[in-house]
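The values are calculated or read from the model by the stated rules, or taken from the named source; none is laboratory data. From a predicted model like this one, the values you see are computed outputs, not experimental measurements. For neighbour counting, all protein chains shown are included, and Cβ atoms are generated from backbone atoms with ideal geometry for every residue, glycine included.
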Amino acid sequence: MAFLLESIEREARLNALGRFVFHQHAIQLLRNRLYLQRDSQIDRRISRRKITKPVFITGLPRTGTTLLHSLLAQDEELFTAPLTWEVIYPSPAQGDSCSRIERTERDLKWFDRLVPAFRPIHPVSAELPQECVAIMSHCFMSQEFDTMVDLPEYELWLEEQDQRPVYAFHKQFLQHLRPGSSGHRFVLKAPAHLHSLEAILAVYPDAQIVHTYRDPLQVLPSLAT
C-alpha cells in the first residue's frame with residue numbers, strides 16, 4: 001500500500017476528481033479487509049472451507065477471457081464465479097444480498113458517468129462475474145491500479161514481487177463467498193494470472209488453467225483502445 005500511494009503521488013498526476021476517486025477506492029478496500037477479518041473471527045468455519053479444483057482463465061487481454069468466463073459461469077450446477085457485487089461488498093455485515101446489489105449498481109452508474117466508453121468494450125454489471133484483479137486489489141498488489149492510472153514504476157515493482165501471499169489472500173476471499181455453493185468449482189479469470197502461474201499452483205495445487213489465444217496483431221490494437 002505504501003509503495004502504491006507513493007507512486008500515485010509521484011507518477012499519476014491526478015486531478016482533484018481523480019484523487020477523490022482513488023481515495024474512496026483505497027478506503028473501501030481497507031474497509032472490506034476489516035469486514036473479512038471480523039467475519040473470520042465470528043465464524044471459524046470460513047477458514048476451513050475447501051476451494052477444490054478452481055479453474056483459472058488467463059491469456060493476453062482482449063483474447064476472449066471475459067466471454068469464456070461468463071459462458072462457463074452459466075453452468076450453475078458445476079461452477080460458481082465471484083460476482084461484481086460480492087467483490088465490492090463481500091461481507092454479510094455490509095447488508096443482505098439485495099441491498100449490496102443495489103449499492104453496487106449505484107456505484108457502477110457513477111463509473112459509467114466517469115468512463116462512458118468503457119461498458120461497450122468490457123461489460124460491467126453488479127450480477128456479472130468479476131475479474132480476480134479486483135480481489136487482489138485488496139492486497140494493493142494488482143494490475144487494476146496501473147490500468148486505472150499511469151504508474152510505470154509501480155508496474156515494474158509489481159512484476160518483481162512474490163505473488164504467493166496475494167493468492168493466499170485470494171483464497172481466503174473466496175472462502176467468504178456464498179457458503180451454500182461449497183460443492184461448486186470456482187471459475188476465475190484475469191489476464192494478470194498469466195504472470196503468476198507458479199504462485200497460483202503453489203496456493204491451489206489442483207487448479208486447472210485455461211489459456212486463451214488470439215493473434216497478437218489483433219490483440220494490440222484492441223487493447224490500445
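Return the pairs, sorted by first residue and then second, in which the second residue is in a loop (DSSP other than H, G, I, E, B), the first residue lies in the stretch 90-101 and is touching a residue at least 60 places away in the same chain (Cβ under 8 Å), the beta carbons are less than 8 Å apart, and the residues are 6+ apart or on different chains.
Once the first residue is touching a residue at least 60 places away in the same chain (Cβ under 8 Å) and sits in the stretch 90-101, its partners that are in a loop (DSSP other than H, G, I, E, B) give Pro90/Leu177.
Given Phe169, Phe173, which one is of a type in the set (Phe, Trp, Tyr) and within 19 Å of Leu194 (Cα to Cα)?
The match here is Phe169.
State the number of residues belonging to the stretch 87-96 that are closer than 22 Å to Lys189 by Cβ and either in contact with a Phe, Trp or Tyr (Cβ under 8 Å, 6 or more places away or on another chain) or part of a helix (DSSP H, G or I) (or both).
Matching residues across the stretch 87-96 total 3.
Condition check ((1) modelled with pLDDT of 95 or more; (2) outside any helix (DSSP H, G or I); (3) hydroxyl-bearing (Ser, Thr, Tyr)) across all residues:
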site: Arg44; (1), (2), (3): no, yes, no
site: Lys50; (1), (2), (3): no, yes, no
site: His69; (1), (2), (3): yes, no, no
site: Glu77; (1), (2), (3): no, yes, no
site: Trp85; (1), (2), (3): yes, no, no
site: Cys98; (1), (2), (3): yes, no, no
site: Thr104; (1), (2), (3): yes, no, yes
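Filter the stretch 106-141 down to the residues that are hydrophobic (A, V, I, L, M, F, W, C) and outside any helix (DSSP H, G or I), then identify the one that is surrounded by the fewest Cβ atoms within 10 Å (Cβ to Cβ).
Ranking the candidates gives Ala117 first.
Quick one: what pairs do we get from the stretch 147-174, first residue in contact (Cβ under 8 Å) with a residue 40 or more places away in the chain and within 25 Å of Leu14 (Cα to Cα), second charged (D, E, K, R) and surrounded by fewer than 15 Cβ atoms within 10 Å (Cβ to Cβ), C-beta under 8 Å, 6+ apart or different chains?
Once the first residue is in contact (Cβ under 8 Å) with a residue 40 or more places away in the chain and within 25 Å of Leu14 (Cα to Cα) and sits in the stretch 147-174, its partners that are charged (D, E, K, R) and surrounded by fewer than 15 Cβ atoms within 10 Å (Cβ to Cβ) give Asp150/Arg13; Glu153/Arg10.
Which residue pairs have Cβ atoms under 9 Å apart, sit 6 or more places apart or on different chains, and have a first residue in the stretch 113-124 that is more than 19 Å from Gly64 (Cα to Cα) and a second that is at pLDDT 80 or above and surrounded by 10 or more Cβ atoms within 10 Å (Cβ to Cβ)?
Close Cβ pairs satisfying both conditions: Leu114/Val21.
Considering each residue of the stretch 41-64, count those that are surrounded by 13 or more Cβ atoms within 10 Å (Cβ to Cβ), more than 12 Å from Glu131 (Cα to Cα) and among the aliphatic types (A, V, I, L, M), and give that number.
Count: 4.
Which of (1) of a type outside the set (S, T, N, Q); (2) in contact with a helix residue (DSSP H, G or I) (Cβ under 7 Å, 6 or more places away or on another chain); (3) more than 23 Å from Val166 (Cβ to Cβ) does Ile135 not meet, given it meets every other one?
That leaves (3) as the condition not met.
Checking the condition buried (at least 21 other Cβ atoms within 10 Å of the Cβ) and more than 12 Å from the chain's Cα centre (by Cα), which residue from Leu67, Leu158 passes?
Of the residues listed, the single one that is buried (at least 21 other Cβ atoms within 10 Å of the Cβ) and more than 12 Å from the chain's Cα centre (by Cα) is Leu158.
State all residues of the stretch 1-37 that are surrounded by 12 or more Cβ atoms within 10 Å (Cβ to Cβ) and among the aromatic types (Phe, Trp, Tyr); if no residue qualifies, say none.
Phe3, Phe22, Tyr35 - these are the residues of the stretch 1-37 that are surrounded by 12 or more Cβ atoms within 10 Å (Cβ to Cβ) and among the aromatic types (Phe, Trp, Tyr).
Do the conditions hold for Glu77, that is, is it within 16 Å of the chain's Cα centre (by Cα) and acidic (Asp, Glu)?
No: the conditions fail for Glu77.
Under 9 Å between Cβ atoms, which residue pairs at least 6 apart in sequence (or on different chains) link something in the stretch 23-51 that is within 22 Å of Tyr204 (Cβ to Cβ) and in contact (Cβ under 8 Å) with a residue 40 or more places away in the chain with a partner that is of a type in the set (Lys, Arg) and assigned to a helix (DSSP H, G or I)?
Final answer for the pair search is Ile51/Lys171.
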